[in-house]
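In what follows, a single structure is set out as structure tokens and then discussed.
The values are calculated or read from the model by the stated rules, or taken from the named source; none is laboratory data. Remember, it's a predicted structure, so these values are computed and weren't measured experimentally. When we count neighbours, we look across all protein chains shown, and the Cβ atoms used for this are built from the backbone with ideal geometry, even at glycine. Surface areas here come from the heavy atoms of the whole protein model, side chains and all, with no ligands, DNA or RNA. Shrake-Rupley method; radii C 1.70, N 1.55, O 1.52, S 1.80 Å.
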Amino acid sequence: MTAAIGAFMFTRTVTGPRTATGASPTALPSSLVFGHGSLALASLAVWGIAWGYGNELIAWIGAAGLIGVIGGGSLLLVKWLGARRAHATGPGSTPYAEEQIPVGVVLAHGVGALATVVLVVAANLAL
């Protein structure tokens, strides 16, 4: 569910409103947006495969990757909050792409991410 919400937010950011030149203005660094999602999926895949085979060391490496994902997500949250506060949409101004993401969606994604990390760590402790 967290990944589905993340995919929704990613889509909103990438396909947001366009300027007259076709650009989608955003305050979020594209490397952070793409890196956050890629690291999350890769870390969960590594963890899932390692846990399935009972490899404790690799399972902890996958869990550690999720800590990096939390760091990237926290940076995105700070940038997202700053963009929502700073960007005043005046006449003829194109809003930032991330302004189209509802607050509740961001909150649900963060809660789901936290729950995922807690469950991954708990599962690793059970190995």
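Annotations for the structure displayed:
- Within region 113-127, the set of residues being surrounded by 16 or more Cβ atoms within 10 Å (Cβ to Cβ) and either among the small types (Gly, Ala, Ser) or outside any helix (DSSP H, G or I) (or both) comprises just one member, Ala113.
- Of all residues in region 76-112 being closer than 22 Å to Phe34 by Cα and part of a loop (DSSP other than H, G, I, E, B), the one that is modelled with the lowest pLDDT: Pro95
- Hits in region 1-31 (condition: open to solvent by less than 40 Å² (accessible area, probe 1.4 Å) and assigned to a helix (DSSP H, G or I)): Thr2, Ile5, Gly6, Met9, Thr13
- For Val33, the stated conditions hold: it is closer than 24 Å to Trp80 by Cα, of a type in the set (Val, Ile, Thr) and at pLDDT below 95.
- Residues that are open to solvent by less than 40 Å² (accessible area, probe 1.4 Å) and under 25 Å from Thr11 (Cα atoms), drawn from region 37-67: Gly37, Ala40, Ser43, Gly65, Leu66
- Long-range neighbours under 7 Å by Cβ, at least six apart or interchain, first residue closer than 17 Å to Ala40 by Cβ and touching a residue at least 60 places away in the same chain (Cβ under 8 Å) within region 96-121, second among the polar types (S, T, N, Q) and open to solvent by less than 40 Å² (accessible area, probe 1.4 Å): His109/Thr2; Gly112/Thr2; Ala113/Thr2; Thr116/Thr2
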